[in-house]
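Read through the structure below, which is laid out as structure tokens, and then see the notes.
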Amino acid sequence: MLNNNQFAPLPERMRPRNLDEYVGQEHLVGPNAILRRMIETGNVNSFILWGPPGVGKTTLAHIVATSLKRDFYTLSAISSGVKEMREVFDKAKNSTLFSGNSGSPILFIDEIHRFTKAQQDALLGAVETGTVTLIGATTENPSFEVITPLLSRCQVYVLKSLESKDLDKLLRRALTEDHYLKTRKIEVQEKEALFRFSGGDARKLLNILDILVSSSGALEKLVITNDLVQQRLQENIAIYDKGGEQHYDIISAFIKSIRGSDPNAAVYWMARMLNGGEDPLFIARRMLILAAEDVGLANPNALLLAQSCFDACHKIGMPEARIILSQCAIYLATSPKSNSAYKAINEALAWVAKGDNSPVPLHLRNAPTQLMQELGYAQDYKYAHDYAGNFVDQEFLPDSCRAHKFYEPQENSKENEIRNRMSRMWKKYGY
């Protein structure tokens, strides 16, 4: 039974109430699929749903609880902590003891990747003892964002972006089953823009449809074309763009501000992201990449600080993580810059991609057997520590690229130190 509250947003009005109304994810809920079998047998263990926004993670959790007639508790990792979890556990114990329902209550945690390690640790006991059956939802890879002990107690199911056939089915259902839309004169002449802007996200598709309907007169016939979709979305860009293109534009401005050594702009764009609800670990992860790509060997300590920033944000969470993020961003912005390591590996990969599969020179090969030694493996290899300064003039590249320079040091103090320490190597290669 769909939600008949005409004032509710269209995605809420169209939220499925059972598996027959659920669109997409056939590999999980189709005939004989794993989640459908679990629901039909009533034997549901804790699991985590991993997938992009708008593909039905929250809806699927509600369907599981409704189908099994179990008590359902929900927490958001954005606004809930250990205190709220313990309150749910107390309620769940009472529910298990006195409600008479079969199976433990279901605890749904949205954005579970935002929980700190301490918060995730607090879940272990209740999941282990069966006080609750945990269903987590995340848009981030659980392998990196969920602690190993909790991950070992949960099966991970991957949800996919909706395909065009799924979006088409959802669109037809909305037009024919929603109590309000079916009273309107709506003709869909073109769908390409609808599906393209939706990006496999059911919520976006229904929000776009809602915008199109609400921006037309109640008595007018609405003819949906690609041009109309693009025009209306530009007029409602703030509604449609949340978490979309603007997300990528602002992180781009943030990265370019640090690369351009402007700490003021970097902190400003960071504030814009944090104020908009951006995941602090996403920001920390991007700074970790930047520390290697753009600061690099000009200041090798930058990578260590960025790694420490990521770890600290993971352990502490918001709002205190903002201070750590700010410190790291300012440090990276004011550091000297070098992309020599970035360019070196790209140059080497490009060379290898051309088909260079040259054999390893004999003197560099391992020789664990008598036969290999007889064939000349490891012969004439010079052990650097046997020579003055732990350096010996020796060739380490195959003939195919012996004269090619992949790493080109840049002019800054740190890389000059590297250049000086390896002066004999530079001389050999003619740097």
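The values are calculated or read from the model by the stated rules, or taken from the named source; none is laboratory data. What you see is a predicted model, and the numbers here were worked out from it, not measured in a lab. A quick note on method: Cβ atoms are made from the backbone with ideal geometry, for glycine too, and the neighbour counts reach across all protein chains shown. Note: accessible area is taken over every heavy atom of the protein model, side chains too, but ligands, DNA and RNA are not part of it. Shrake-Rupley method; radii C 1.70, N 1.55, O 1.52, S 1.80 Å.
Overview of values
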item	result
Neighbourhood net charge (11 Å Cβ-Cβ; Lys/Arg +1, Asp/Glu -1) for PHE406	0
Packing-based ranking, highest mean first, of 385-392, 27-34, 226-233 given that Cβ atoms within 10 Å are counted	226-233, 27-34, 385-392
Segments 169-176, 289-296 sorted - mean Cβ within 10 Å per residue, highest first	289-296, 169-176
Partnerless cysteines, meaning none of the other Cys C-beta atoms lie under 4.7 Å away, in the chain	CYS154, CYS313, CYS401
The stretch 107-240: mean projected area of Cα convex hull, nm²	10.5
For the chain, with +1 on Lys and Arg beta carbons and -1 on Asp and Glu, the positive-most of LEU290, GLN230, VAL158 along the dipole	VAL158
Burial order of peptide ranges 104-115, 36-47 (average beta-carbon count within 10 Å, highest first)	104-115, 36-47
Phi-based couplings in Hz for the stretch 367-383 (Karplus 6.51, -1.76, 1.60; Gly and Pro marked x)	9, x, 10, 4, 4, 5, 5, 5, 7, x, 5, 6, 5, 6, 6, 9, 7
Dipole magnitude of the chain about its Cα centre (Cβ charges: Lys, Arg +1; Asp, Glu -1), debye to nearest 20	380
Cβ-based net charge around GLY217, under 13 Å, with every Lys or Arg adding one and every Asp or Glu removing one	+2
Carbon/sulfur fraction of accessible area - the chain, other protein chains in place, 1.4 Å, %	53
Accessible area expressed per residue, the stretch 47-121, with surrounding protein chains retained (probe 1.4 Å, Å²)	45
Euclidean distance between Cα centres, the stretch 53-77 to the stretch 358-393, Å	61
Span per principal axis, largest first, for the Cα atoms of the chain (Å)	85, 56, 47
C-alpha center-to-center spacing [the stretch 107-126, the stretch 264-342] in angstrom	25
Prolate/oblate/rounded call for the stretch 224-366, Cα gyration tensor, a/c under 1.5 rounded	oblate
Calculated from backbone phi, Karplus (6.51, -1.76, 1.60) coupling profile of the stretch 252-259 in Hz, x at Gly/Pro	5, 5, 5, 5, 5, 5, 5, 4
Cα gyration tensor category, rounded, prolate or oblate, for the stretch 9-112 with a/c compared to 1.5	oblate
Per residue accessible area of the stretch 248-310, 1.4 Å probe, in Å²	44
THR133 long-range amide H proximity, modeled H, under 5 Å	ILE106, LEU107
